[in-house]
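Right, one structure below, let's go through it.
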Amino acid sequence: MTMEAQLVLKVDNTAARRLFLHKHALLEAPAGSSKGDDLLSLIHRIGFVQVDSINTVERAHHMILWSRRQSYRPKHLKRLLETDRTLFEHWTHDASIIPTEFFPYWHYRFQKSAETLQSRWRVWREAEYQQKLNLILKHIEENGPAGTSDVGKDEKRSKGGWWEWNPSKTALEYLWRTGQISVSRRENFQKLYDLTDRIIPEAHRSSKPTKEETIDWACNSAIDRLGFATPAEIAAYWDKLELSDVKQWCERALQRHELISVEIQPASDAKPKLSLARPQIEESLRNLSEPLQRIRILSPFDPALRDRKRAEFLFNFNYRIEIFVPEAKRQYGYYVFPVMEGDKLIGRIDMKREKTSGALVVKRFWPENDIRMGKGRINRLTSELERCTRFAGCSDLRFLPDWQG
């Protein structure tokens with residue numbers, strides 16, 4: 001049974017965009033409670049929140065949550081992560097904050113990480129390196145949470161291995177990737193690790209789903225958060241499965257009528273994309289509300305934009321981060337924020353919290369080619385920038401003279 005043989009529905013681009021944004025909590029107003037169980041429920045809904053170190057306005061994970069609940073403040077996340085332990089930090093496609101109830105399905109990733117790392121760097125199998133791992137585990141057990149500065153103060157950086165880290169930094173990363181230690185908290189954004197037994201509640205640690213159960217959970221949870229997807233997009237969502245395993249799961253789901261084939265129309269002149277969706281997709285589309293014509297500023301690492309190809313297909317929005325591009329070759333700026341209005345991405349903005357003045361400085365805004373910046377739209381953008389100013393703890397909002405591109 002092939003996807004083509006089961007094609008039952010064509011979904012126009014507007015409907016597809018709105019369903020996708022609804023799944024990512026970006027269609028409704030960014031209002032309501034943003035702490036405790038309400039914040040946990042929001043993160044559960046979108047699946048994960050990526051963590052990133054760049055802090056031009058506020059760190060990525062905080063911007064992601066603020067764009068959905070503008071009463072959100074960083075202290076609300078800190079409690080769930082460091083006190084309640086209802087969230088944990090680990091790897092999806094990158095370092096992310098994840099509901100702790102999902103932890104059992106990370107055992108498969110731990111196993112695969114150990115196999116991959118040991119095959120890539122055979123030294124991990126040698127007695128000397130095992131001794132290093134054991135010493136670090138013993139140090140953490142006896143002294144509590146530790147970071148690189150606690151276990152590798154006098155070590156020199158390696159000339160090989162992971163990013164030329166010192167041996168203890170590399171060992172900590174290995175222990176974290178393989179699930180033996182977990183992030184306890186961050187201080188100045190540096191990770192402090194503790195034994196996983198002291199971080200993750202026993203009920204979640206002791207549950208160890210099989211590979212097949214993990215594939216089933218990962219695929220189901222991905223399609224439910226994407227609304228519709230190709231097998232490759234399902235595999236990429238958690239970035240933990242082989243594409244061949246996902247394709248087999250999709251075929252079985254089609255045979256069981258748990259999924260149907262749909263044709264998603266693009267935002268540009270690209271070809272339509274054959275995707276999979278739940279049989280209830282038509283009802284879901286009928287129940288979608290009209291988007292508010294409100295402007296939001298998104299993090300470059302927003303879950304809705306993580307898959308750049310998907311974002312370009314759905315929104316005709318070509319976005320690339322240029323932090324590693326030499327300044328003279330940048331098309332826009334070092335760290336440019338996507339700007340959304342309703343269900344469309346209308347531009348990108350370069351802004352930064354200025355340490356000396358305490359102001360949020362807007363350097364430039366580039367509207368998309370088909371976007372006209374009339375008075376109403378400029379006022380809506382300014383209102384969102386004022387809200388962002390307060391969120392970032394800035395004392396003032398300042399525009400450079402040529403900020404409108």
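The table that follows gives values for the structure above.
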{"item": "Assigned charges on the beta-carbon of Lys, Arg, Asp, Glu; the chain dipole about Cα centre (debye)", "result": "940 debye"}
{"item": "³J(HN,Hα) computed for each position of the range 197-202 - Karplus, 6.51 cos²θ - 1.76 cosθ + 1.60, integer Hz, glycine/proline x", "result": "4, 9, 10, 8, x, 4"}
{"item": "Farthest positive-ward along the chain dipole, Cα basis, beta-carbon charges - from Ser149, Ile295, Leu400", "result": "Leu400"}
{"item": "Over the chain, relative contact order from alpha-carbon pairs under 8 Å, at least 6 apart, %", "result": "19 percent"}
{"item": "Candidates Arg286, Arg380, Arg205, ranked by Gaussian network fluctuation over the chain, Cα under 10 Å, top entry", "result": "Arg286"}
{"item": "Dipole moment magnitude, nearest 20 debye, the range 178-255 about Cα centre, only Lys, Arg, Asp, Glu C-beta charged", "result": "260 debye"}
{"item": "Leu385 accessible area, 1.4 Å probe, all protein chains in place, Å² to nearest 10", "result": "0 Å²"}
{"item": "Among Ala15, Ala270, Ala328, residue whose mean-square fluctuation peaks in a GNM of the chain (springs only between Cα atoms under 10 Å)", "result": "Ala328"}
{"item": "nm² value of the averaged projected area, convex hull over the Cα atoms of the chain", "result": "22.2 nm²"}
{"item": "Most to least accessible of Thr148, Thr83 (protein chains only, probe 1.4 Å)", "result": "Thr83, Thr148"}
{"item": "Greater than 18 Å apart at Cα, pairs in Lys78/Lys191; Lys211/Lys240; Lys23/Lys75", "result": "Lys23/Lys75"}
{"item": "HN-Hα J in Hz across the range 214-231 - Karplus 6.51, -1.76, 1.60, θ = phi - 60°, x for Gly and Pro", "result": "5, 4, 4, 5, 4, 5, 4, 5, 5, 5, 6, 9, 9, x, 7, 5, 7, x"}
{"item": "222 nm mean residue ellipticity, helices alone, for the chain (DSSP H n ≥ 4; -39,500 (n - 2.57); rounded to 500)", "result": "-11500 deg cm²/dmol"}
{"item": "Between the range 297-356 and the range 250-289, the Cα center-to-center distance that results, in Å", "result": "27 Å"}
{"item": "Phi to ³J(HN,Hα) by Karplus 6.51 cos²θ - 1.76 cosθ + 1.60 over the range 384-393, Hz, x for Gly, Pro", "result": "5, 5, 5, 5, 5, 4, 5, 4, 6, x"}
{"item": "Mean Cα-pair separation over length for the range 1-101, i.e. relative contact order, pairs under 8 Å, 6 or more apart, %", "result": "27 percent"}
{"item": "Stokes-Einstein D for the range 277-405, Kirkwood Rh over Cα pairs, 4 °C, 1.567 mPa s (µm²/s)", "result": "80 µm²/s"}
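The values are calculated or read from the model by the stated rules, or taken from the named source; none is laboratory data. All values reported here derive from a predicted model rather than from experimental measurement. FYI the Cβ positions are ideal-geometry reconstructions off the backbone, even for glycines, and counts take in every protein chain you see. Ligands, DNA and RNA are excluded from the accessible area calculation, which covers all protein heavy atoms including side chains. Shrake-Rupley method; radii C 1.70, N 1.55, O 1.52, S 1.80 Å.
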